[in-house]
Amino acid sequence: ALLRAKAMLLPGVRFTLRVEKAGRFESNTWHFPEGIKGYFSSAMSGVEPVAVPFFGERYVSAQSESDSFAEGEGALWAIAWTPDGEPTTESYVNMIPTRHGGTHVSGLREGVHHAIRNFIDLHAMGQRGLKVVPEDVWSRANFVLAVKMLDPQFKGQVKNELISRDAVKLVSQMVRDPFELWLNQHVDEGKRIAELVIRQA
């Protein structure tokens with residue numbers, strides 16, 4: 001799993017693992033020339049999302065003059081919604097797999113929830129008295145999230161969960177505007193996602 005993730009995060013780099021069993025070698029190779037796009041497609045194979053996946057990548061630049069974050073911090077993501085089945089959910093911080101998620105996943109959830117809620121309001125898709133909460137947006141979401149941070153804080157020795165409080169704001173800021181823009185540039189796709197979210201609500 002670790003080598004597969006590294007192959008995704010370093011597009012074009014080929015990783016091969018050879019394991020000797022009873023004098024014979026079994027070999028596995030991972031190579032994603034398109035990085036997260038190819039990786040996410042293979043992770044989602046056999047599952048039909050309601051709309052095309054949304055891919056994005058955004059990092060703090062020298063020009064962005066962020067008070068809170070350093071140049072180079074940011075995130076890479078792929079997200080898609082499926083009507084049923086067990087969602088694919090993977091997250092990484094500086095190439096370390098965070099199997100229990102953490103504050104960076106909370107940031108993705110927050111940014112995506114805001115963008116979809118604004119899209120529903122803008123296109124007058126809501127119903128009277130209906131309140132869309134993050135869980136409605138999130139329960140059918142499949143995602144791969146890879147975050148770069150200068151000084152990540154993890155829970156415990158195994159680093160399965162990120163607990164850096166700044167990560168919520170960092171990821172939410174990186175994702176929210178690009179996703180809202182994407183929804184409004186792909187209105188039909190956006191409406192299919194919004195309809196699924198409204199059904200969950």
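The values are calculated or read from the model by the stated rules, or taken from the named source; none is laboratory data. Only a predicted model underlies this, so the values are computations on that prediction, with no experimental measurement involved. With ideal geometry, Cβ positions are generated from the backbone for all residues, glycine too; neighbour counts draw on all protein chains shown. Just so you know, the surface numbers come from the protein's heavy atoms only, side chains and all, with ligands and any DNA or RNA stripped out. Shrake-Rupley method; radii C 1.70, N 1.55, O 1.52, S 1.80 Å.
The residues listed here are ILE163, ILE198; of these, the one that is at pLDDT 95 or above and either among the aliphatic types (A, V, I, L, M) or open to solvent by less than 50 Å² (accessible area, probe 1.4 Å) (or both) is ILE163. Given the condition in a strand (DSSP E or B) and β-branched (Val, Ile, Thr), answer yes or no: does some residue in region 47-57 qualify? No, region 47-57 has no match at all. Selection of region 122-174 for residues being closer than 15 Å to THR89 by Cβ and among the aliphatic types (A, V, I, L, M) yields VAL137, ALA141, VAL144, LEU145, ALA146, VAL147, LEU162, VAL171. When region 56-103 is filtered for residues that are in contact with a helix residue (DSSP H, G or I) (Cβ under 7 Å, 6 or more places away or on another chain), under 24 Å from ASP136 (Cα atoms) and loosely packed, with under 14 Cβ neighbours inside 10 Å, only PRO83 remains.
Can you tell me which of (1) more than 30 Å from LYS155 (Cβ to Cβ); (2) aliphatic (A, V, I, L, M); (3) free of Cβ contacts under 8 Å to residues at least 40 places away in the same chain is the one LEU17 doesn't meet? Tallying (1) more than 30 Å from LYS155 (Cβ to Cβ); (2) aliphatic (A, V, I, L, M); (3) free of Cβ contacts under 8 Å to residues at least 40 places away in the same chain, LEU17 fails exactly one: (1).
I need the helices (runs of 4 or more DSSP H) fully contained in region 121-201, keeping only those with at least 3 residues that are of a type in the set (A, V, I, L, M). Before you say what the answer is, go through the steps one by one.
Numbers: elements: 134-138, 166-185, 187-200.
Helices (runs of 4 or more DSSP H) meeting the threshold: 166-185, 187-200.
Among the residues of region 59-108, which ones are in a helix (DSSP H, G or I), over 20 Å from TYR39 (Cα atoms) and among the β-branched types (Val, Ile, Thr)? Listed by number, the list holds a single entry, THR103. Residue pairs whose Cβ atoms lie under 9 Å apart, sitting 6 or more positions apart in sequence or on different chains, and linking a residue in region 82-102 that is in contact (Cβ under 8 Å) with a residue 24 or more places away in the chain and more than 14 Å from LYS148 (Cα to Cα) to a partner that is open to solvent by 50 Å² or more (accessible area, probe 1.4 Å) and in a strand (DSSP E or B), are GLY101/THR89.
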